[in-house]
Amino acid sequence: MTVQLNGITRYGECEPRELLSDFIRHELGATGTHVGCEHGVCGACTVHVDGVASRACLMLAVQADGRCIDTVEGLATANALGDLQQAFRRHHALQCGFCTAGILMSCADYLQRVPDPTEAQVREMLSGHICRCTGYTPIVQAVLEVAALRGAQHDALEVSHA
Ligand code: FES
Ligand code: FES
């Protein structure tokens, strides 16, 4: 199997019945992706497949052959956390952190498609994830803050290019 993992070409072997979540963690060593329920309910294993948020426990690894896989490790640069990660830290949007990688990957995809969501939309998007610690409110606040900050940056760029 060959995949682009966070933009880097990676090779690995897998059994035909192996889940993508297990391949990412055990064969490629990207253990930021967590595995909870293994049947599509909790959202902990969410990664991007060709840019779209997907449950890695509901895909076979072989289905990802030749495709682009992005995981939570790809949200940060070598020197800094990504803006979503920073907002989660500011708002205390994680406690044990088990759900966090999956939630971050869903949020990253969602904000690409819906850059200015309402609180209700963010809550609906998060309904695909189970977090047992935070009560969700700080997560919602972090996502809305990132949307607002990105919107302000976008507006400032437009003014500077006008
Ligand atoms: S581990 Fe994939 S949805 Fe729970
Ligand atoms: S922070 Fe613990 S499950 Fe979400």
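Kindly provide the GluC sites (Glu not before Pro) of region 1-78 that DSSP labels as loop, not H, G, I, E or B, and whose Cβ sees at most 13 other Cβ atoms within 10 Å. Walk me through the numbers on the way to the answer.
On the way: sites: GLU13, GLU18, GLU27, GLU38, GLU73; in loops: GLU13, GLU18, GLU38.
Counting only loop positions with at most 13 other Cβ atoms within 10 Å, the GluC sites (Glu not before Pro) in region 1-78 are GLU13.
On a 0 to 90° scale, report how tilted helix 100-113 is relative to the longest principal axis of the chain, with both axes built from alpha carbons and the result rounded to the nearest 10.
60
Taking the Cα centre of each part, how many Å lie between region 133-147 and region 77-96?
When both Cα centres are located, 11 Å separates them.
Test of understanding: ordering ASP155, ASP70 by Cβ neighbours within 10 Å, fewest first, what list do you get?
On the way: ASP155 10, ASP70 21.
Ascending Cβ contact count within 10 Å gives the list ASP155, ASP70.
Given just the C-alpha atoms of the chain, how large is their convex hull per residue in cubic angstrom? Walk me through the numbers before you get to the answer.
Working: hull volume 19.6 nm³, N = 162.
With only Cα atoms used, the chain gives 121 Å³ per residue.
Which of rounded, prolate or oblate describes region 83-161 when judged by the alpha-carbon gyration tensor and an a/c cut-off of 1.5?
Working: a/c = 2.40, a/b = 1.87, b/c = 1.28.
Verdict is prolate for region 83-161.
For a footprinting-style exposure proxy, rank TYR11, TYR110 by other Cβ within 10 Å, fewest first.
Details: TYR11 9, TYR110 20.
Final ranking by Cβ density, sparse to dense: TYR11, TYR110.
To the nearest 20 debye, what is the magnitude of the charge dipole of the chain about its Cα centre, counting +1 on the Cβ of each Lys and Arg and -1 on the Cβ of each Asp and Glu? The partial results should precede the final answer.
On the way: 11 positive and 18 negative charges, 69 e Å.
The calculated dipole for the chain is roughly 340 debye.
Rounding to the nearest 20 debye, state how big the charge dipole of region 83-161 is about its Cα centre with +1 on each Lys and Arg Cβ and -1 on each Asp and Glu Cβ.
360
About the Cα centre, and with charges only on the beta carbon of Lys, Arg (+1) and Asp, Glu (-1), how big is the dipole of region 9-54? Nearest 20 debye, please.
The calculated dipole for region 9-54 is roughly 140 debye.
Only the coordinates and a few stated rules stand behind these numbers; no lab work does. Small disclaimer: the values here were computed from a predicted structure and weren't measured. In this analysis, Cβ positions are derived from the backbone assuming ideal geometry, glycine residues included, and neighbour counts consider all displayed protein chains.
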